1. Is it true that some residue in segment 157-166 is away from the ligand (no atom under 11 Å from the Cβ), in contact (Cβ under 8 Å) with a residue 12 or more places away in the chain and buried (at least 24 other Cβ atoms within 10 Å of the Cβ)?
2. Within the bounds of segment 145-153, is there any residue that is touching a residue at least 40 places away in the same chain (Cβ under 8 Å), assigned by TED's automatic domain parsing to the domain that holds Thr85, more than 16 Å from the ligand (Cβ to nearest atom) and surrounded by 19 or more Cβ atoms within 10 Å (Cβ to Cβ)?
3. Leu113: away from the ligand (no atom under 12 Å from the Cβ), modelled with pLDDT of 90 or more and aliphatic (A, V, I, L, M), yes or no?
4. If I filter segment 55-65 for residues that are in a helix (DSSP H, G or I) and farther than 30 Å from Ala117 by Cβ, do I get at least one hit?
5. If we keep just the residues of segment 185-204 that are within 21 Å of Pro224 (Cα to Cα) and part of a helix (DSSP H, G or I), which is nearest to the ligand (Cβ to nearest atom)?
6. Do we have Val223 as of a type in the set (A, V, I, L, M, F, W, C), surrounded by 14 or more Cβ atoms within 10 Å (Cβ to Cβ), more than 13 Å from the ligand (Cβ to nearest atom) and at pLDDT 85 or above here?
7. Please note which strands (runs of 3 or more DSSP E) are completely contained in segment 78-179 and include at least 3 residues that are among the aliphatic types (A, V, I, L, M).
8. Identify the single condition in (1) among the polar types (S, T, N, Q); (2) more than 20 Å from Val208 (Cα to Cα); (3) more than 16 Å from the ligand (Cβ to nearest atom) that Asn182 does not satisfy, given that it satisfies every other one.
Amino acid sequence: MTFTNDQYPPSGRYQRSFWKWSIEHLERMDKDEEDGEIDTRIYDRYLSLMSAILVVPPPDSYMTYYWKPLSSLGCTDRSSHETITLLESRTTIESGTTGLRTWCASFVLASYLIANAETIRDQTVFELGCGSGFLGIIVATIQQKFNERHESHRQPLPAVLLTDVNAGVLSRCRDNVQLRCNQSSNHPNITFSTLDWFDALSLPCTSVGVVIGADIVFDPILVPPLSARMAVVALTVRNEQTLAYFVTEAVKELCVEEVPHAFTSATYFDLDTAGVDAGLDVKIFKFTLHNSAS
Ligand SMILES: C[S@@+](CC[C@H](N)C(=O)[O-])C[C@H]1O[C@@H](n2cnc3c(N)ncnc32)[C@H](O)[C@@H]1O
């Protein structure tokens, strides 16, 4: 089934750039052709988009991100790609929360998880501060692809538990995960819970395999919740000293490993270089118990 831009329209800004680019190209081609004529509906569409610029703040819009699953997930066609579509805020903070858009740390952690799919592909995954659902969709899709690959001895899909303190954010996350254009909409074992990450230790989740989190707080109070299981967390370095203090406290309880990472050619999430986290470093840390194997 194909899903069109009419169902999940991109932002006005994206559409304006697209039509501006198209008109410039068509006009250039037009000059070279004697009888060429540009359909006036193209100009009308562009002008209607330009007149909508005055709407402040920009409305929420669908964002579609492209990525390539690796061969470890059974992808043999090197030119094929996957898409993830989410309804997102186009502002940094909306309705008093930062959770209605996807942050750079999620792109970095997603790239790491795609390249290291064995970390989560057959594990129960628990996300703290899940925001709009970008990482949850990636995790669910990786698990589904891994399961499809092992058709002969398929296992029930592991659970994915997506949590956030903000009920509105969680509701948006659920809607995005369940968008029919996302493979995650067919994952049968995803749950959504309102949860303050400082209370995470009180959850009965001893069966959780991996805790993940992107752009969450780095407060030492988070160390006990991370201690019950393996955790992989991407932190955007907004304050070096706070991060150093967090790591100092964490190593007293846990093995803390900073994981080198880079955007690989396997993925191409488009970092919004003009965004609020432009130029900020994102670090990935892996936390394990002192006596655990990895
Ligand atoms: C900067 S956003 C990151 C969202 C998402 N992880 C991403 O990377 O796109 C921080 C998220 O943490 C959530 N959050 C803030 N305080 C929290 C808390 N005490 N417990 C759980 N989630 C919290 C917010 O609602 C928001 O969704």
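1. yes
2. Scanning segment 145-153, I find at least one residue that is touching a residue at least 40 places away in the same chain (Cβ under 8 Å), assigned by TED's automatic domain parsing to the domain that holds Thr85, more than 16 Å from the ligand (Cβ to nearest atom) and surrounded by 19 or more Cβ atoms within 10 Å (Cβ to Cβ), so the answer is yes.
3. Against the criterion (away from the ligand (no atom under 12 Å from the Cβ), modelled with pLDDT of 90 or more and aliphatic (A, V, I, L, M)), Leu113 qualifies.
4. No, segment 55-65 has no match at all.
5. Trp197
6. Criteria not met by Val223.
7. Fully inside segment 78-179 and qualifying: 82-88, 160-164.
8. With (1) among the polar types (S, T, N, Q); (2) more than 20 Å from Val208 (Cα to Cα); (3) more than 16 Å from the ligand (Cβ to nearest atom) applied to Asn182, the lone miss is (3).
The values are calculated or read from the model by the stated rules, or taken from the named source; none is laboratory data. The shown structure was predicted, so the numbers you read here are calculated from the model rather than taken from an experiment. Please note: Cβ atoms are built from the backbone with ideal geometry, for glycine as well, and neighbour counts cover all protein chains shown.
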